[in-house]
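Notes for the one structure printed next.
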Amino acid sequence: MKGTKAAAFTMADIVQCPCGSNVRRTLPGQTRCPKCISAGEAPDAGRPREKVDCIRITVPPSLYDLWHTLPDGTKVKTAVYLAWEFENIDHVRDAFWWLSGRVGVFVTVFGGTEFNEARDLDNCFKAAQDIIVSSGCIRDDSVRHIIEIGSRYVDPSTPPTPAYATIRVVALRS
């Protein structure tokens, strides 16, 4: 993550959607989360979309950088998490619109200049799984929907390039 993106907004920009999720306002008056917005008409309605099962995204933040607890005990997404989600959510929604039933989700992290190799690989997985839910592609990340998960790390190339990740989703039969 680039530090400038995380500092682009404050906690005052966070509102609660009627569904209960916390939302970063990107437009004046915005009060709905991407999941609720996507439940309406698709932005590309009428245009056939390609079925994609693997996409490239920026490396997800660590599990420990996802949530912040407010003094009243309410948990909200951190600025780092919101910035990462904002950067990637449209790409995820456009790619995985076709999801239904049970799926497997596989995350591969390609190491590089912005990835600390001391980091735990499994801490990248939660944000990647949650963004599929936030994008409205599946209802939740319970075993009713995601029944197989996997992750992999690939050593950085030489010369080093920026780190990135891929999310691959596979339709499964229960």
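Read-outs throughout are calculated quantities, based only on the coordinates presented, and are distinct from any laboratory measurement. Keep in mind the model is a prediction, meaning the values are calculated, not measured. Note that each Cβ is placed from the backbone with ideal geometry, even for glycine, and that neighbours are counted across all protein chains shown.
Here are a few things to note about the model shown:
- Net charge, LEU66 excluded, C-beta distance under 9 Å - Lys, Arg +1, Asp, Glu -1: 0
- Residue order, fewest to most surrounding Cβ atoms within 10 angstrom, among THR58, THR69: THR69, THR58
- Neighbourhood net charge (13 Å Cβ-Cβ; Lys/Arg +1, Asp/Glu -1) for GLY112: -1
- THR69/ASP155 FRET efficiency (R0 25 Å; Cβ-Cβ; nearest 0.05): 0.10
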